[in-house]
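The values are calculated or read from the model by the stated rules, or taken from the named source; none is laboratory data. Because the structure is a prediction, the values reported are computed rather than measured. Here the Cβ positions follow ideal geometry from the backbone for every residue, glycine too, while neighbour counts run over all protein chains shown. Accessible surface areas use protein heavy atoms only, side chains included; no ligands, DNA or RNA. Shrake-Rupley method; radii C 1.70, N 1.55, O 1.52, S 1.80 Å.
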Amino acid sequence: RLFRGFQIAAALLMVHQLAGKAARDGYFLTWFGPAHLPEMVAAAAAFSVLASYLAARLFAWRSPARTLPYVFLVSGVLQVGEWVLLPVQPRTAAVLVYLHTFGVGAVLFSGFWSMLSEEFDPREAKRKIGRISAAGTVGGLAGGILAERLVAWFQAGSVLLLLSLAHFACGIVLLTLVRSSPGAKEPRKRTHVSPPAAASIEEPRYLRTL
């Protein structure tokens with residue numbers, strides 16, 4: 001169940017990743033043009049650094065398994081807000097979508113893989129992460145096709161609803177996995193204990209195993 005859940009979550013994550021890139025560039029280039037793209041990329045990179053720093057502090061305080069599902073749900077709510085704002089203030093919405101997909105999307109992507117690495121031991125991960133990544137690849141292909149079809153069938157703003165739905169669904173799937181995984185419920189302990197002398201002997205063997 002845990003493995004299948006992570007496959008579904010990876011597919012949803014990549015649906016958002018590919019469709020989000022299309023929406024991000026499409027909205028910005030429509031309302032600002034390519035001349036302002038370098039400025040936007042620089043601003044988004046700075047925002048991404050700040051978001052990564054805050055996420056690292058958050059994950060150090062509470063494990064990704066306990067925080068990431070709720071961050072996905074909040075991200076879905078924010079994208080609904082961007083969809084509402086797009087017809088009213090398209091230039092502001094275009095900037096917000098760019099920052100969201102560039103900065104928050106990257107944090108959620110890395111947080112997902114951190115959560116995955118905590119749920120499987122190294123031997124399990126070696127067998128299963130490739131198959132989870134394959135599900136993500138299928139999701140990325142689906143995201144690109146869905147983004148193109150939604151714009152053709154409806155209007156450009158409809159892609160934001162797809163992005164919101166993908167993050168909502170991903171958050172619900174991960175929340176279900178957390179509730180069924182006893183280890184994910186335990187709070188992260190911030191204790192600093194000196195390792196025993198035997199650890200220095202076993203450490204090279206453990207590193208070779210990893």
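Run the accessible area of the range 1-126 with a 1.4 Å probe and give the carbon-and-sulfur part as a rounded percent.
C and S atoms contribute 69 percent here.
Evaluate the distance, in nm, between pseudo-label points positioned 7 Å from the Cα of LYS126 and of ALA60 along their respective Cα→Cβ axes.
My value for the distance between the label points is 3.1 nm.
Tabulate in residue order the Karplus-calculated ³J(HN,Hα) for the range 172-180, using 6.51 cos²θ - 1.76 cosθ + 1.60 with θ = phi - 60°, rounded to whole Hz; enter x for Gly and Pro.
Values per residue, Gly and Pro as x: 5, 4, 5, 5, 5, 5, 5, 5, 8 Hz.
Solvent-accessible area per residue for the range 1-149 at a 1.4 Å probe radius, Å²?
The answer is 51 Å² per residue.
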